[in-house]
Amino acid sequence: MTINSFLFLKKNLGTRWFWVVIGMLVVASGLRVAAYGNIGLSIATNDTQSYIDSSQAPLFSREILTGRRLLTTNLFYKFFEPEEGYQITANGSFDTTRRVFQHGFEKIVIVQVMLSILSWSILALTISGFIHNPAIKILSTIILILFAFTPQIADWDSVLMSESLTFSLFALQLALLIKIAFAITESENVNISFLSGVWFVIYFLWTFLRDSNLVASAVTVGMISILLIIPSYRKNKKLYIIVSALIAMLGIGFYTSSHSTRSIIQINNIYNSDLLINPAWVNTLNKLGMPEPHSDEYKIWFPDHAGSTLIKFFAIHPSYPARKVIKDFAPAFTEFKQTYFKSPEQITIRNFMLPLGEAIHPENTTPFLLGVCILFALAVIAIQSGDNWARVWAWILYWLFLTASFTIIAAILGDAWALSRHSAFSTMVYRLLMWVGLVVIIDKAVQTQKSEKMH
């Protein structure tokens with residue numbers, strides 16, 4: 001965040017409440033580090049080696065964009081790789097075990113922990129800065145601390161995959177997006193060049209962590225484009241630049257994704273786990289040009305034609321994707337906790353923190369259903385009150401909802417394996433939306449009551 005943004009939040013919060021929130025975040029951050037033991041300990045998974053291998057591609061090469069993993073993790077693992085290379089000594093995919101010190105990985109997990117603490121703290125500070133009532137400011141800060149620092153989120157910082165970076169960078173860009181959204185609402189001529197530039201860099205890095213994040217970027221383009229319908233927003237030329245940059249990023253992302261080895265693996269999982277076990281679907285695929293499964297012709301055909309044939313199959317049999325999304329939607333919310341490591345030495349604190357985290361991160365569809373109710377209520381409030389504050393929050397929360405919805409559909413349809421983990425980002429966003437939405441509505445109710453008493 002820039003110094004001006006920092007001072008803006010201080011002004012919004014009020015000096016006393018600003019330092020109260022800062023104090024809470026500092027204390028919580030210290031407890032977060034102390035409660036989870038040595039932050040240099042890590043746990044690998046079956047996927048970790050693929051991050052290492054993919055990061056070996058030359059920096060300025062096509063392979064670093066189209067390899068087994070995406071650009072951001074390739075850069076991340078390349079930057080921190082020691083001269084003697086990484087050494088995997090503990091794999092939690094085989095059996096839940098303890099975290100250990102793994103040579104070369106200590107820098108990665110330390111950065112993941114520090115980035116997580118920083119990102120979620122900035123988000124908590126930003127949200128509290130746009131809440132009116134002092135008590136609700138404190139409530140929002142407590143909720144965000146519990147949301148981010150309980151094991152359901154914090155444990156992923158020790159896991160050598162992309163989940164930690166996905167959560168952290170999303171929280172950080174969300175904080176900047178909230179600041180930008182309120183800034184351009186309060187003044188048509190506000191200069192958001194630096195802030196939007198920083199946001200775009202972070203959003204770019206987040207987008208190139210997982211292929212499903214590209215779908216979220218398409219949602220962002222759509223939501224910002226909607227703002228351009230409104231005359232006051234249309235005057236802000238920076239929005240046109242942001243939309244153009246996002247569209248260019250999407251073009252690069254979809255091109256590299258469609259030409260990557262990772263997409264072949266995901267499509268192969270869909271064929272083997274779903275489509276090829278149904279004789280009627282195999283018959284349809286044969287009519288679309290697919291050779292007999294597992295034949296030599298099939299192996300030659302698959303890399304270049306399986307993806308386009310799958311899209312055609314979806315168009316012919318729309319009931320398949322619809323049924324799959326409906327069937328897998330509720331299960332996607334289960335098993336949000338990581339299952340790769342255990343910490344018996346921290347059993348006392350974890351016995352307290354895990355149930356607390358379960359209350360904040362319910363492993364059912366309640367966040368989705370409650371989120372729908374919150375969005376409906378907030379839309380009514382924004383329309384009836386004509387309050388710009390409510391309208392901005394409505395836009396942000398609708399953006400969160402659509403981001404979660406489109407990415408969970410992409411996760412469910414994009415791979416038939418590891419449903420809960422692939423959907424973890426989407427279900428996290430639904431849960432975040434639920435809590436932020438409740439805080440916003442409570443704050444608005446308190447403000448309305450206060451206003452009525454004054455009149």
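FYI, it's all coordinate maths here, none of it is from the lab. Remember, predicted model here, so these are calculated numbers, not experimental data. So basically every Cβ, Gly included, is an ideal-geometry build from the backbone, and we count neighbours across all protein chains shown.
For a quick check: with amide H placed at 1.01 Å from N, whose amide H comes under 5 Å from residue 92's, ignoring anything fewer than 5 positions away on the same chain?
Under 5 Å from the amide H of residue 92 lie the amide H atoms of 44, 45, each far enough along the sequence or on another chain.
Report, to the nearest 10°, how far helix 237-258 tilts away from the longest principal axis of the Cα atoms in the chain, using its own Cα long axis and a range of 0 to 90°.
With both axes taken from Cα atoms, the answer is about 20 degrees.
State the volume of the convex hull built on the alpha-carbon positions of the stretch 265-317, expressed per residue in Å³ and rounded to an integer.
For the stretch 265-317, the hull spanned by Cα atoms encloses 71 Å³ per residue.
Counting other beta carbons within 10 Å of each residue's own, what order do 259, 317 fall into, fewest first?
259, 317
Once the dipole of the chain is set up with Lys and Arg at +1 and Asp and Glu at -1 on Cβ about the Cα centre, which of 258, 57, 201 lies farthest towards its positive end?
201
Out of residues 5 or more away from residue 342 or on other chains, whose amide H comes under 5 Å of its own, with H placed 1.01 Å from N in the peptide plane?
Result for residue 342 returns 97, 98, 99.
Kindly express, to the nearest 10 degrees and within the range 0 to 90, the angle between helix 3-13's C-alpha long axis and the longest C-alpha principal axis of the chain.
60
With Cβ to Cβ distances under 13 Å as the rule, what net charge do the other residues near residue 310 carry (K, R +1; D, E -1)?
For residues surrounding residue 310, the net value is -1.
Given N residues in the stretch 89-240, what is Rg(Cα) / (2.2 N^0.38 Å)?
Cα Rg divided by the expected 2.2 N^0.38 Å: 1.23.
For residue 274, what residues show an amide H to amide H distance below 5 Å, using hydrogens built from the backbone and excluding near sequence neighbours?
Under 5 Å from the amide H of residue 274: no residue qualifies.
Using only the alpha carbons of the chain, what is the convex hull's orientation-averaged projected area in square nanometres?
The directionally averaged projection comes out at 23.8 nm².
May I ask you to evaluate 6.51 cos²θ - 1.76 cosθ + 1.60, the Karplus curve with θ = phi - 60°, for each residue of the stretch 158-168 and list the ³J(HN,Hα) values in order in whole Hz, giving x for glycine and proline?
Result, ordered by residue: 8, 8, 8, 9, 9, 4, 4, 5, 4, 5, 5 Hz.
What whole-number distance in Å separates the alpha-carbon centres of the stretch 296-313 and the stretch 232-282?
That distance is 17 Å.
Against the longest principal axis of the chain, how steep is helix 261-273, in degrees 0 to 90 to the nearest 10, with axes from Cα atoms?
The angle comes out at about 70 degrees.
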